[in-house]
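K.L.:
Just passing along the structure, written as structure tokens.
The values are calculated or read from the model by the stated rules, or taken from the named source; none is laboratory data. These numbers come from a predicted model, not from an experiment. Virtual Cβ from ideal backbone geometry, glycine too; neighbours counted across all protein chains shown. Protein only, heavy atoms only, side chains kept; ligands, DNA and RNA dropped before computing areas. Shrake-Rupley method; radii C 1.70, N 1.55, O 1.52, S 1.80 Å.
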Amino acid sequence: MALDQESFELLKTSLDRFIQERLVPAEDIVEDRDEVPGDIVDDMRELGLFGLSIPEEYGGIGLSMSQECEVAYALGRTALAFRSVVGTNIGIGSQGILMDGTEEQKSTYLPAIASGELIVSFALTEPDAGSDAASIRTRAVRDGDDYLLSGTKRFITNAPRAGAFTLMARTGESGARGITAFFVPANLPGLSLGKADKKMGQRGTKTCDVNLDEVRVPAANIIGGVPGKGFKTAMKVLDRGRLHISALACGMASRIQSESIAYAQQRKQFGKRIGDFQLVQAMLADSQAELLAAWSLVQASARRYDDKPAGVSDPEVSMQASCTKMYATEMVGRVADRGVQIHGGAGYINEYKVERFYRDVRLLRLYEGTTQIQQLVIGKHLMRTE
Ligand code: COS
């Protein structure tokens, strides 16, 4: 699946213009109000951003992973809150249905997800189950043609905006094999949201708890129709999401570089532009080399992802996705740190963009699997194969 090159170039041109003319000028509003303005969300719908990864037959744009990474890179060049609005529909919210859903589930839900009429979130993490995803405790107990779901999901991105959740719950034995993925409409009785999380950064992104108290979900809403497959669905979804986040990290690193270069060209000390000093150039050079390395890795891993059969897991590709996420997100952390350093005292002041980007990128090393989880995935794979 891929969009033809000519249409993709047109999409990229409109998107780049949208980012420069609409999103970048609204960054301060998002920071101040902790909210992405509704008219911008409407424009995102119009541009088709909610349906980027969904095949054309279900109303989306049908980008390949390589193309999606280019779009994520472009969206990474502005406040990350904008990407977050569409991020779960493009990725972790929709992909479970797309990869493992029945044909009926795909044709029922994907068109509304692609248009942005329905926002979907991914609910895996719980208060006592984060990195150890196989230990989730949210229970789904069979009751006639339904299941009754009870438990708490934590830090759920876009939950306050969501009309439905791809939600993992336990239908059977302990461990990975007892987990089932459900598609859960947000308006079911017994489902409620916790208070909005106050976060270190990424203002404008919305996360909160999702509480389930005997929520009656039809068995027909089991993704793929067969219980016990939810952990693998979640892992496949995350493999893909990790590449998307890696591209986003590269985009943000490139924005921080642009801000830092502009500052180094304009700020004078000791009678010269600070960028004329070699110690400042060294920081810019290290960041540039690491950014290029990370972006090359993202492109190579995305190509490899596109080359495998859709929806099928390949341990080598999963390992590469983890290498890519680990490297790209750690890279942007270093680039952001240097960006603040190049700005000196100004880098600590909120008025300068690098201060908030420094806080914003910290999340990239945590969600969709911490750096340490990526190391475990890589290490485990190597010990199996070498
Ligand atoms: N694709 C498909 N199947 C996968 C897979 C993948 N990428 N990774 C693992 N599996 C399968 C395994 O093959 C195994 O299947 P079998 O039972 O048939 O053998 C099963 O899933 C269990 O795998 P494993 O034993 O490796 O699971 P672990 O409990 O050891 O957990 C980690 C593996 C730690 C990698 C997993 O829990 C994880 O990714 N945690 C982080 C979760 C995360 O990213 N959270 C962020 C929330 S979303 S913002």
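K.L.:
Given the chain, what percent of its DSSP beta bridges are antiparallel, to the nearest 5? Each step should come with its number before you reach the end.
P.N.:
Details: 28 of 33 bridges.
DSSP beta bridges in the chain are roughly 85 percent antiparallel.
K.L.:
Could you estimate the translational diffusion coefficient of the chain from the Stokes-Einstein equation, with Rh from the Kirkwood formula over C-alpha pairs, at 25 °C and 0.890 mPa s, in whole µm²/s? Present the calculation step by step, with values, prior to reporting the outcome.
P.N.:
Details: Rh = 21.4 Å.
Answer, rounded: 115 µm²/s.
K.L.:
Still on this structure, please answer the following. Taking the Cα centre as origin and putting +1 on Lys and Arg beta-carbons and -1 on Asp and Glu beta-carbons, what dipole magnitude results for the chain, to the nearest 20 debye?
P.N.:
Values: 45 positive and 50 negative charges, 240 e Å.
I would put it at about 1160 debye.
K.L.:
Now for a separate question. Please name whichever of 188, 69, 11 sits farthest to the positive end of the charge dipole of the chain, dipole taken about the Cα centre and charges placed at Cβ: Lys and Arg +1, Asp and Glu -1.
P.N.:
69
K.L.:
What pairs from 12/198; 272/353; 206/325; 199/380 go past 29 Å between their alpha carbons?
P.N.:
Details: 12/198 33 Å; 272/353 23 Å; 206/325 22 Å; 199/380 32 Å.
Too far apart for the 29 Å limit: 12/198; 199/380.
K.L.:
Next up: Could you work out the equivalent-ellipsoid semi-axes for segment 166-317, taking the square root of 5 times each eigenvalue of the Cα gyration tensor, largest first, in whole Å?
P.N.:
Details: eigenvalues 403, 104, 21 Å².
Its equivalent ellipsoid spans semi-axes of 45, 23, 10 Å.
K.L.:
Another one. If a/c stays under 1.5 just call it rounded; otherwise compare a/b with b/c (prolate if a/b is bigger, oblate if not). Do that for segment 194-257, with a ≥ b ≥ c from the square roots of the Cα gyration tensor eigenvalues.
P.N.:
Judged from the Cα gyration tensor, segment 194-257 comes out oblate (a/c at least 1.5, b/c at or above a/b).
K.L.:
Another one. When the Cα centres of segment 156-191 and segment 244-310 are compared, how far apart do they sit, in Å?
P.N.:
Their Cα centres are 37 Å away from one another.
K.L.:
Using a 1.4 Å probe, what is the accessible area per residue for the chain, in Å²? Walk me through the numbers before you get to the answer.
P.N.:
Details: 16810 Å² over 386 residues.
Value for the chain: 44 Å² per residue.
K.L.:
Just the number, please: carbon plus sulfur as a percent of the accessible area of the chain, 1.4 Å probe, no ligands or DNA/RNA counted.
P.N.:
51 percent
K.L.:
Return the tail of the calculated pair distribution for segment 115-163, meaning the percent of Cα-Cα pairs more than 13 Å apart. Please report the intermediate quantities before stating the final value.
P.N.:
Numbers: 759 of 1176 pairs.
Of all Cα-Cα distances in segment 115-163, 65 percent exceed 13 Å.
K.L.:
What percentages, rounded to whole numbers, describe P(r) for segment 120-226 computed over all alpha carbon pairs with 10 Å bin width beginning at zero?
P.N.:
All Cα pairs, binned at 10 Å, distribute as 16, 50, 28, 6, 0 percent.
K.L.:
Counting each pair of different Cα atoms once, what's the Kirkwood radius of segment 5-115 in Å, rounded to one decimal? Please report the intermediate quantities before stating the final value.
P.N.:
Details: mean 1/r = 0.0694 Å⁻¹.
Kirkwood hydrodynamic radius for segment 5-115: 14.4 Å.
K.L.:
Hey, if you put +1 on the Cβ of every Lys and Arg and -1 on every Asp and Glu Cβ in the chain, which of 122, 158, 270 ends up farthest toward the positive end of that dipole?
P.N.:
After comparing all options, I get 270.
K.L.:
Pop a pseudo-label 7 angstrom from the Cα along the beta-carbon direction at both residue 376 and residue 349 and give the gap in nm to one decimal.
P.N.:
4.4 nm
K.L.:
How many times 2.2 N^0.38 Å is the alpha carbon radius of gyration of segment 231-384? Don't jump to the answer; show the numbers that get you there.
P.N.:
Values: Rg = 17.7 Å, N = 154, 2.2 N^0.38 = 14.9 Å.
Output field value: 1.18.
K.L.:
At 222 nm, what helix-only mean residue ellipticity would the chain give, in deg cm²/dmol to the nearest 500, using -39500 (n - 2.57) for each DSSP H run of four or more?
P.N.:
Details: 12 runs with 191 residues, N = 386.
Calculated mean residue ellipticity at 222 nm is -16500 deg cm²/dmol.
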